[in-house]
1. Got a number for residues in region 20-79 being over 19 Å from Thr6 (Cβ atoms) and among the charged types (D, E, K, R)?
2. Condition test on Ser71, is it more than 18 Å from Arg17 (Cα to Cα) and touching a Ser or Thr at 6+ places or on another chain (Cβ under 7 Å)?
3. Can you pull out the residues in region 1-25 that are closer than 22 Å to Asp51 by Cα and surrounded by fewer than 17 Cβ atoms within 10 Å (Cβ to Cβ)?
4. Among the numbered criteria (1) at pLDDT 90 or above; (2) assigned to a strand (DSSP E or B); (3) not β-branched (Val, Ile, Thr), which single criterion is violated by Lys70?
5. Is it fair to say Asn21 is under 14 Å from the mean Cα position of the chain (by Cα) and polar (S, T, N, Q)?
6. Taking region 46-63 as the region of interest, how many residues are closer than 22 Å to Glu11 by Cα and surrounded by 17 or more Cβ atoms within 10 Å (Cβ to Cβ)?
7. Kindly list the number of the only condition in (1) closer than 19 Å to Ala10 by Cβ; (2) out of contact with any Lys or Arg (no Cβ under 7 Å at 6 or more places or on another chain); (3) among the hydroxyl-bearing types (Ser, Thr, Tyr); (4) touching a residue at least 12 places away in the same chain (Cβ under 8 Å) that fails for Tyr83.
8. Here is a check on your reading of the model: is Asp68 surrounded by 13 or more Cβ atoms within 10 Å (Cβ to Cβ), among the charged types (D, E, K, R) and without any contact (Cβ under 8 Å) to a residue 60 or more places away in the chain?
Amino acid sequence: MAIKLTERAAEEVMRFRKEHNFDDSMLLRIGVAGGGCSGFNYTLNFDDSFDMKADSKYDCHGVSVVVDKKSSLYLDGTEVDWYDSLEKQGFTFNNPNAVKSCGCGSSFQA
């Protein structure tokens, strides 16, 4: 299995890339880092590097997504969506590997 972006999330990534004049070669890097109230934080950033030995690469609705192999253990099967309402706006993670997550959804326990 892999990590997936919804069409709505991919549109937001492309909008952000265009707004900040990022080249189309910039990859969306998704990962995990230790921390947060539940143990791990999700990370999202743009990167221009891809290591075939250390990373996995996916194409999601025209967006190239890169995940390092260590993060892949925690993110396998995760769907990233874009949420937009009056009280909250941002990316959400539907992670089947999360045993517990915090109230804001930015950290999880596996």
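1. Residues in region 20-79 being over 19 Å from Thr6 (Cβ atoms) and among the charged types (D, E, K, R): 10 in total.
2. Values: more than 18 Å from Arg17 (Cα to Cα): yes; touching a Ser or Thr at 6+ places or on another chain (Cβ under 7 Å): no.
No, not satisfied.
3. Met1, Ala2, Arg17, Phe22, Asp23, Asp24, Ser25
4. With (1) at pLDDT 90 or above; (2) assigned to a strand (DSSP E or B); (3) not β-branched (Val, Ile, Thr) applied to Lys70, the lone miss is (2).
5. Numbers: under 14 Å from the mean Cα position of the chain (by Cα): no; polar (S, T, N, Q): yes.
Against the criterion (under 14 Å from the mean Cα position of the chain (by Cα) and polar (S, T, N, Q)), Asn21 does not qualify.
6. Selection size over region 46-63: 3.
7. (4)
8. yes
The values are calculated or read from the model by the stated rules, or taken from the named source; none is laboratory data. Nothing here was measured: the structure is a model prediction, and the numbers come from that model. Cβ atoms come from the backbone with ideal geometry, glycine included; neighbour counts cover every protein chain shown.
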